[in-house]
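The values are calculated or read from the model by the stated rules, or taken from the named source; none is laboratory data. Quick caveat: nothing in here was measured; it's all calculated off a predicted structure. Because the Cβ atoms are built from the backbone with ideal geometry, glycine has one as well, and the counts that use them run over all protein chains shown.
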């Protein structure tokens, strides 16, 4: 039963055209809105700390600093509230995930 479920989810993912190629350590800019009824969206620049691949439940964890305080945002990749995700710069030398949490 579990194999059938995963096959169905993969077939649904094939129809999605928005594949985000974001890896941990990349500097990204995310445009998202708070609700579907509001046409306004917010731009957010942060470092991608983690990417969790779980088919439709895939999400990324972003970290940003504001006035010496760190903020973590966990955003679902396949949400209808996300307008766009663009990679501003990539991490050329791979750093460990533990180092990204201590930036």
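Name the pairs whose Cβ atoms lie under 8 Å apart, with the first residue in the range 15-27 and at positive phi and modelled with pLDDT of 80 or more, the second surrounded by fewer than 17 Cβ atoms within 10 Å (Cβ to Cβ) and assigned to a loop (DSSP other than H, G, I, E, B), and 6 or more positions between them or separate chains?
Going by the 8 Å Cβ cut-off, the qualifying pairs are 25/90; 25/91; 25/94; 25/95.
Please determine whether any residue of the range 40-62 is surrounded by 13 or more Cβ atoms within 10 Å (Cβ to Cβ), touching a residue at least 40 places away in the same chain (Cβ under 8 Å), more than 18 Å from residue 21 (Cα to Cα) and in contact with a strand residue (DSSP E or B) (Cβ under 7 Å, 6 or more places away or on another chain).
yes
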